[in-house]
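To keep things clear, I will list the structure first and then write my remarks on it.
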Amino acid sequence: MHQPDVVIVGAGMQGATMALAAARSGLTPLVVERGKVGSGATGNSYGIIHGGLRYLQGLSIGRWRRSRQAQAWFLDNYPDHVRPLACAMPLYRHTMRSPMAFRAASALEACLYRGTGLARRLPGLQLLGAEEIARAYDLPRRHLVGAALWHDLVTDDMETLLRTILADAGASGASLLEETVAGDLIVADNRIAGLKVTRADGTVQEIATPRVAICAGSWSSRWPQEPQAASTAALAFNLVLDMPFPGDAALAVSETPGKGRSYFLRPYEGGTFAGTYYRPAPGAREPEVMPADIDAFLEVLDRALPGYGIAEAGVRAVMPGLLPDTDGTGRTLSAADTISAPGPAGLCHVLGSKLTTAPLLSIDAAQRLWPEEARRAA
């Protein structure tokens, strides 16, 4: 094995796009993954690459713009691995999720497209009438006034998308070690000199490299050099239910119609993909979902859609992950991305808050951490 210019720990979306950004900066990356590609939070995610329309209801214009830029990145680079996904949200009288609120968000978005120069890549927002959405879905009818229908992107095969990104990074010499556990850093004169790894057969190997980029999400905290400000104490999980789902659009519902956290359901391999449920998990190193968590999620979905018998549905799969939170308690998800270089020299940590914007964070990290290499590659 040739000495890599950088070892990237983790082969989820952040690690894969970090390898691509490194390769496009002129570096030769090696990716180390303790399981299989996409076996962590990325592979267990809902798979939506969202465009941030709902951010505009809170006037989070920066987050909207970055989400739309990220959607464009996926459409430009991997159009064969993403597709438009229609998303419908029932709207109710006397709530913030009303036709008026979505009309205002849609009008603001149209202005932002003109002002930022971004091109609209997906169909714009539509508003459906109450009878139209009620014919498609068995919804709570009290105060129902219609539905918002918009399009985001979704990937139906996350592992294939990740392997394609990694293969593109490999065009510049990247390589991949799966079922390989990253261990101790090798440090000389307060600089990274390499990384010890343990292969599936128990063989310990020392990989010489001047740079290590940790993109391992919740598992990153095993390194003592990890900055304590970033934590992943929010347990998130999705369920695949053994029940058919009507229609082709994803449906966003809430336990109290029109209020509170939204949960999305969509068709998935003859069943129903439902997500995402969260609970605090302070101190957790692995995403452990308890039977009580599954029961709680099923009960919430059953109250949101009482006509579907969700509480009695069988569960085909539980898809968990640990996500960044604000303070280590796991009560509030973080919207911040982290790029840090805590030391020794050559060590960096990249932790993203959203699957959608992971590629942009990787590009930012490469430009910040390896500016000279990027200039030479350009």
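The values are calculated or read from the model by the stated rules, or taken from the named source; none is laboratory data. Everything numeric here is computed off the predicted structure, so don't read it as measured data. Here the Cβ is made from the backbone with ideal geometry for all residues, glycine too, and neighbour counts use every protein chain on show. Areas reflect the complete protein model, heavy atoms only, side chains present, ligands, DNA and RNA absent. Shrake-Rupley method; radii C 1.70, N 1.55, O 1.52, S 1.80 Å.
Distance from the alpha carbon centroid of segment 60-138 to that of segment 8-24 works out to 29 angstrom. Each principal axis of the Cα cloud of segment 252-369 was evaluated for its coordinate range; sorted largest first, these ranges are 57, 28, 27 Å.
Taking N238, N77, N44 in turn, the Gaussian network model of the chain (Cα-Cα springs below 10 Å) assigns the largest fluctuation to N77. Ordering L85, W73, P4 by the projection of their Cα atoms onto the charge dipole of segment 1-107, which places +1 on the Cβ of Lys and Arg and -1 on the Cβ of Asp and Glu, puts L85 at the extreme positive end. Short-range pairs are left out: with C-alpha atoms under 8 Å and at least six residues apart, the relative contact order of the chain is 24 percent. Using C-alpha pairs below 8 Å separated by at least 6 residues, the relative contact order for segment 263-369 is 17 percent.
Per residue, the convex hull spanned by the Cα atoms of segment 325-378 measures out at 79 cubic angstrom.
Rolling a 1.4 angstrom probe over the protein heavy atoms with all chains in place gives segment 62-145 an accessible area of 54 Å² per residue.
Take each peptide in 48-55, 322-329, count the other Cβ atoms within 10 Å of every residue, and average; sorted highest first, the result is 48-55, 322-329.
Taking the 1.4 Å solvent-accessible surface of the chain as the whole, the part contributed by carbon and sulfur is 49%.
Measuring between their Cα centroids, segment 286-314 and segment 37-56 lie 21 Å from each other.
Charged neighbours of A147, selected by a Cβ distance under 12 Å, balance to 0 (K, R count +1; D, E count -1). Ranking Y277, L251, A296 by how far each Cα lies toward the positive end of the dipole of the chain (charges on Cβ) leaves L251 at the top. Computed per residue of the chain from DSSP H runs no shorter than four, each worth -39500 (n - 2.57), the mean residue ellipticity at 222 nm is -8500 deg cm²/dmol.
Within the shell of other residues whose beta carbon sits under 12 angstrom from the beta carbon of D325, the net charge comes to +1, with Lys and Arg scored +1 and Asp and Glu -1. Please enumerate, by chain and number, the lysines with C-alpha under 27 Å from the C-alpha of K354, excluding those fewer than 8 residues away in the same chain. Straight-line reach from K354, under 27 Å: K36, K259. Computed from backbone phi with θ = phi - 60° and the Karplus coefficients 6.51, -1.76 and 1.60, the 3J(HN,Hα) list for segment 55-61 is 4, 5, 5, x, 6, 8, 5 Hz; x is used for glycine and proline. Using heavy atoms of the protein chains and a probe of 1.4 Å, the accessible area assigned to C111 is about 70 Å². Here the peptides 194-205, 258-269 are ranked by packing, the mean other Cβ count within 10 Å, and the order with the highest first is 258-269, 194-205.
Using a probe of 1.4 Å, the accessible surface attributed to L108 totals some 50 Å² when neighbouring protein chains are kept in position.
Magnitude of the charge dipole for segment 248-378, about its Cα centre and with charges confined to Cβ atoms of Lys, Arg (+1) and Asp, Glu (-1), is about 360 debye. When peptides 312-321, 62-71 are sorted by average Cβ neighbour count within 10 Å, with the highest value leading, the order is 62-71, 312-321.
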